Amino acid sequence: MVTIKCGNKTFTNIQGILFDKNGTLEDSEIFLRSLAQKSARIIDAQIPGVGEPLLMAFGINGAYLDPTGLIAVASRQETEVAAAAYIAETGKSWFESLQIARQGLDEAEKYFQTTASSLFPGALEILKNLSSTDLKLGILSAATTSEVNHFVQTHQLQDYISLEMGVDGNIGKPNPKLFIQACEQLGVAPNSTLMVGDSIGDMQMAKNAQAAGCIGITWVGKPDHVRGADVVINQLEEIQIV
C-alpha cells in the first residue's frame with residue numbers, strides 16, 4: 001500500500017487510483033467541441049432548426065465548451081437520450097427521435113475517429129511514477145470502453161494502466177456501483193482507492209462508494225466544477241508519492 005499526498009491532504013494505505021479520461025488525463029476540449037458541432041449539423045440537416053438548441057444542450061456556446069456540460073461529462077447513452085428529446089419536440093416519435101440522434105452521433109464519431117486529443121501536461125509522467133509502485137491504476141470514464149481502449153492505445157499507456165473501463169450500459173456516473181465494479185475488476189478495495197476526476201459526478205460517485213478519497217482537478221481553475229472533492233489540484237504533478 002502507498003501513501004499519496006496532495007496539497008495539505010494525505011491519503012494512507014492506498015491500493016489503487018482510478019482516473020477519469022476527458023478533462024482529467026486527456027485535453028479533449030477541441031475534440032468534444034468539434035464532435036458536438038458536427039453532430040448538431042448532421043441532425044439539423046434532417047430536422048431543420050434543431051441544431052442551435054442541440055448545441056446549447058451539449059454545452060457549446062460559440063467557441064466555448066462548458067466543461068460541466070452534456071457533451072463533456074455525460075455518457076454516450078445519456079447524450080443520445082438528451083439529443084432525442086430535442087428531436088421529439090418537433091413531433092417525431094420517440095423511437096424515431098432516438099434513431100436519428102444515435103445515427104447523428106455515430107456519423108460524427110466516425111468522422112473524427114482518427115483524431116487524437118493530447119494528454120494534459122504531466123499526465124504521462126504521473127502515470128509512470130505511480131505505476132512504478134505497488135499501486136494499480138485504472139481509467140474510469142463516462143466515454144465508452146472502446147473509446148477508453150483507443151485512448152490508451154493511442155498514447156501507449158498499456159504499461160501503466162491495468163483497467164480500461166467506460167460506460168457501456170445503464171450504470172453511469174455518478175452511480176457508485178460503477179466505481180465499485182471498477183474496483184472489483186482492478187482487484188482493489190473501494191476504501192483503499194482514490195478517484196481523480198474533473199466533475200462533480202466523479203466526486204459524488206466515489207464518495208457514495210466509500211472511496212479512500214476524491215481528488216478534483218480543475219485545469220481551468222474553477223473548484224466549483226469538482227465540488228465535493230477532498231482536495232482540489234490544478235496540475236496532475238500535485239499528486240505525490242510519500
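Just so it is clear, none of the values below were taken in a lab; they were calculated from the coordinates. Treat the numbers as computed from the prediction; the structure is a model and nothing was measured. Positions of Cβ are generated from backbone atoms using ideal geometry, with glycine treated the same way; all protein chains shown enter the neighbour counts.
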Evaluate the relative contact order of the chain (contact order divided by residue number), counting alpha-carbon pairs under 8 angstrom at least 6 apart; express in whole percent.
25
Identify, among Gly122, Val2, Ile17, the residue whose Cα sits farthest towards the positive end of the charge dipole of the chain, taking +1 on the Cβ of Lys and Arg and -1 on the Cβ of Asp and Glu, with the dipole about the Cα centre.
Val2
Here are some pairs, Lys9/Lys222; Lys38/Lys110; Lys128/Lys222; Lys128/Lys177; which of them have Cα atoms lying more than 22 Å apart in this structure?
Lys128/Lys222; Lys128/Lys177
Under a 5 Å amide H to amide H cut-off, with H placed in plane at 1.01 Å, what residues pair with Leu65 once short-range neighbours are removed?
none
Quick check: pseudo-label points 7 Å beyond the Cα along Cα→Cβ at Gln181 and Val81, how many nm apart are they?
1.4
Can you compute the modelled spin-label distance between Glu109 and His150, with each label point 7 Å from Cα toward Cβ, in nm?
0.8
Enter the Cα centre distance for the pair segment 1-55 and segment 171-242, rounded to the nearest angstrom.
14
At 0.36 nm per residue, and after removing the present C-alpha to C-alpha distance, how many nm does the segment from Asn208 to Ser34 gain when stretched out fully?
59.3 nm
Summing +1 for each Lys or Arg and -1 for each Asp or Glu, what net charge is found among the other residues whose Cβ lies under 10 Å from the Cβ of Ser118?
-2
With a sphere of radius 14 Å drawn around the Cβ of Gly172, what net charge do the other residues whose Cβ falls strictly inside it have (Lys, Arg +1; Asp, Glu -1)?
-2
Calc'd 3J(HN,Hα), segment 156-170, phi into Karplus 6.51 cos²θ - 1.76 cosθ + 1.60 (θ = phi - 60°), Hz, glycine/Pro = x, comes to 6, 9, 4, 6, 10, 9, 9, 9, 10, 10, x, 9, 10, x, 8
Kindly write out, for segment 184-200 in residue order, the coupling ³J(HN,Hα) from the Karplus curve 6.51 cos²θ - 1.76 cosθ + 1.60 (θ = phi - 60°), rounded to whole Hz, with x marking Gly and Pro.
4, 5, 7, x, 10, 8, x, 6, 10, 10, 9, 10, 10, x, 10, 9, 4
HN-Hα J couplings of segment 39-56 from phi, Karplus 6.51/-1.76/1.60, θ = phi - 60°, integer Hz, Gly and Pro as x?
4, 5, 5, 5, 5, 5, 5, 8, 10, x, x, 8, x, 5, x, 5, 4, 5
What is the set of long-range amide H partners of Phe120 at a cut-off below 5 Å, with H atoms built 1.01 Å from backbone N?
Glu26, Asp27
